[in-house]
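The values are calculated or read from the model by the stated rules, or taken from the named source; none is laboratory data. None of these values were measured; they are calculated from a predicted model. Methodologically, a virtual Cβ is constructed for each residue, glycine included, from the backbone with ideal geometry; neighbour enumeration extends over all protein chains shown. SASA here: full protein model, heavy atoms, side chains in, ligands and nucleic acids out. Shrake-Rupley method; radii C 1.70, N 1.55, O 1.52, S 1.80 Å.
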Amino acid sequence: MEFIVQKIGMSRTVTIPSYSVTLLKVLSAKVCKIKDGTALVAYSKGKSFNKSIAGNQKKYNLSKEYNHFATLKINQDIEGDIDTSSLNEGVRLKVTFKTKGRGFSGAMKRWNFQGGPSSHGSRFHRRLGSIGNREWPGRVQPGKKMAGHYGNEKVSVQSDVVSFDKQNNILVLKGSVSGFNGSYGRIIILDRRERK
C-alpha cells in the first residue's frame with residue numbers, strides 16, 4: 001500500500017527516553033482507475049492547471065482542487081477516497097523523499113574534503129587539488145570526486161509509525177527523513193519479508 005505525503009517538520013516525544021520524530025501529512029487522494037494492483041490517483045498540489053489536467057478532471061469527475069496525478073500500489077478494489085486504515089502504530093514504512101537541492105557545490109562541501117591551510121600565503125584554501133596520476137593512466141578516472149551538482153536526489157529510509165491521527169491525517173514517524181519542510185514524497189507499507 002502506497003501513499004503520497006507532505007513533510008511538516010520534526011519534533012520530539014515527551015517520554016523517557018525522548019526520541020526525535022518526523023511529522024508527515026498524508027494527502028487526501030481520489031482513486032480514479034485501478035488495474036492489476038496499481039491505481040491512478042489524483043491529489044491537490046499548488047495551483048497548476050492546464051488543458052490535460054482539465055481533461056482528466058472531466059474524465060474522472062473531479063473537482064478543481066485535484067490537479068496532480070500519480071500511480072500508486074494499493075490494496076482497495078473500489079474507486080473514491082484512498083483508504084488510510086492500514087496506517088497503524090508499529091507499522092514499518094519505506095519513506096522516499098528528495099534531498100535538499102544545494103546546486104553546484106565545491107569538493108569540500110560536496111565530498112567533505114579537508115581543503116588546504118586557511119592562513120595567508122598558502123594559495124590553496126578550498127580547491128580540489130590534483131585529479132590525475134602520471135603518464136599512466138593519463139586521464140581522469142571515472143567516478144573521481146569533484147565539484148558538481150549536489151543534492152536533489154531520491155533517498156529512501158525505513159521508519160516505524162509512532163502514531164497516526166486519522167482526523168487530521170497526520171502521521172508521526174520515528175527518526176528523520178530527507179527533504180525540506182513542505183516537500184512531497186511517498187510512503188510504502190512494508191511486509192515482514194521486505195524489512196531490513
Check: Do we have ILE4 as aliphatic (A, V, I, L, M), at pLDDT 90 or above and not assigned by the TED database to the domain that holds ASP165 here?
Finding: no
Next item on the list: Scan the range 153-196 for residues that are farther than 19 Å from SER11 by Cβ, free of Cβ contacts under 8 Å to residues at least 60 places away in the same chain and open to solvent by less than 80 Å² (accessible area, probe 1.4 Å) and report the count.
Entry: 2
Check: How many of the residues in the range 104-160 are small (Gly, Ala, Ser) and under 30 Å from GLU2 (Cα atoms)?
Finding: 3
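Does ARG110 qualify as being closer than 25 Å to GLY175 by Cβ, surrounded by fewer than 17 Cβ atoms within 10 Å (Cβ to Cβ) and of a type outside the set (Val, Ile, Thr)?
No: the conditions fail for ARG110.
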Margin query: Out of everything in the range 45-55 that is touching a residue at least 12 places away in the same chain (Cβ under 8 Å) and open to solvent by 50 Å² or more (accessible area, probe 1.4 Å), what residue ends up being nearest to ILE82 (Cα to Cα)?
Written below: LYS45
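Across the range 128-187, which residue is farthest from ARG110 (Cα to Cα) among those that are of a type in the set (Asp, Glu) and in a strand (DSSP E or B)?
ASP165
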Margin query: So, in the range 3-36, exactly how many residues are open to solvent by less than 70 Å² (accessible area, probe 1.4 Å) and more than 20 Å from HIS68 (Cα to Cα)?
Written below: 8
